[in-house]
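Chemist: Dropping the structure in here first, questions after.
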Amino acid sequence: MDGFSFSALGPWTWWIAAAVLAILELVVPGIFFIWLAGAAAVVGAIILAVDLPVTVQVALFAVFSVVAVWGSRRYLGRHPIESDQPLLNQRAATYVGRVVTLEQPIENGRGKVRIGDTLWLAEGPDLPAGATVRVVRGDGAVLVVEAA
């Protein structure tokens with residue numbers, strides 16, 4: 001590949017980079033690479049209209065990337081994305097208000113409850129096994145309970 005340079009493909013270089021970054025956005029969690037993909041696509045569009053040196057292309061990509069990430073952070077800070085399942089990754093919080101039976105007694109503030117097929121650590125007042133309790137809140141992997 002003698003004589004191949006960064007600008008040999010013209011705008012296709014930036015559009016390929018945009019596609020790779022967009023695919024990376026699908027693989028990596030979060031919303032970041034899509035803004036870089038957008039910046040690369042814009043540079044590709046500019047290069048289609050105006051022939052610019054590679055250093056200017058890279059500088060434009062850097063500027064557009066910073067502007068896109070900064071602008072998206074400002075916008076998403078003011079208009080957060082609302083989920084139809086806000087407690088999806090907070091499993092303990094989904095059990096708040098639920099009435100369950102103690103599997104193991106709460107002694108010295110700690111015991112265990114079974115919800116479905118999972119045994120959860122429970123914190124609350126000392127109660128015997130088989131007592132009915134209500135989940136007050138989730139604290140990580142521990143359910144805080146009170147007598148029902």
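The values are calculated or read from the model by the stated rules, or taken from the named source; none is laboratory data. Please read all numbers here as calculations on a predicted model, not as lab measurements. All Cβ positions, glycine included, derive from the backbone under ideal geometry; neighbour counts span all protein chains shown. In case anyone asks, the SASA skips ligands and DNA or RNA and just uses the protein heavy atoms, side chains included. Shrake-Rupley method; radii C 1.70, N 1.55, O 1.52, S 1.80 Å.
Chemist: Return the total of residues in the stretch 31-58 being among the small types (Gly, Ala, Ser) and open to solvent by 50 Å² or more (accessible area, probe 1.4 Å). If you could, list the steps in order and put the result at the bottom.
Modeler: Step one: filter the stretch 31-58 for residues among the small types (Gly, Ala, Ser), giving 37-41, 44-45, 49.
Pick out the ones that are also open to solvent by 50 Å² or more (accessible area, probe 1.4 Å) and you get 45, 49.
Counting residues in the stretch 31-58 that are among the small types (Gly, Ala, Ser) and open to solvent by 50 Å² or more (accessible area, probe 1.4 Å) gives 2.
Chemist: Which numbered condition in (1) within 30 Å of Leu143 (Cβ to Cβ); (2) surrounded by 15 or more Cβ atoms within 10 Å (Cβ to Cβ) is the only one that Phe64 fails?
Modeler: Going through the list (1) within 30 Å of Leu143 (Cβ to Cβ); (2) surrounded by 15 or more Cβ atoms within 10 Å (Cβ to Cβ), Phe64 breaks only (1).
Chemist: Tally time: how many residues in the stretch 1-30 are loosely packed, with under 12 Cβ neighbours inside 10 Å, over 22 Å from Gly71 (Cβ atoms) and modelled with pLDDT under 90? Talk me through it step by step, then tell me what you get.
Modeler: Here is the first cut: in the stretch 1-30, the ones loosely packed, with under 12 Cβ neighbours inside 10 Å are 1-6, 8, 26-30.
With over 22 Å from Gly71 (Cβ atoms) added as a condition, the list becomes 1-6, 8, 27.
Filter once more, so that each one left must be modelled with pLDDT under 90: 1-6, 8.
Result for the stretch 1-30: 7.
Chemist: Give me a count of the residues in the stretch 103-142 that are among the acidic types (Asp, Glu) and either open to solvent by less than 50 Å² (accessible area, probe 1.4 Å) or within 16 Å of Arg91 (Cβ to Cβ) (or both). Spell out how you get there, then give the answer.
Modeler: First pass over the stretch 103-142, keeping only residues among the acidic types (Asp, Glu): 103, 107, 117, 123, 126, 139.
Those still in the list that are either open to solvent by less than 50 Å² (accessible area, probe 1.4 Å) or within 16 Å of Arg91 (Cβ to Cβ) (or both) too: 117, 139.
Residues in the stretch 103-142 being among the acidic types (Asp, Glu) and either open to solvent by less than 50 Å² (accessible area, probe 1.4 Å) or within 16 Å of Arg91 (Cβ to Cβ) (or both): 2 in total.
Chemist: From the set of residues in the stretch 78-96 that are of a type outside the set (Phe, Trp, Tyr) and over 17 Å from the mean Cα position of the chain (by Cα), which is most open to solvent (accessible area, probe 1.4 Å)?
Modeler: In this case the residue turns out to be Arg78.
Chemist: Under 7 Å between Cβ atoms, at least 6 apart or on separate chains: pull out the pairs that start in the stretch 86-97 with a residue that is under 16 Å from Gly116 (Cβ atoms) and end on any residue that is at pLDDT below 80.
Modeler: Matching pairs, first to second residue: Ala93/Leu87; Thr94/Leu87.
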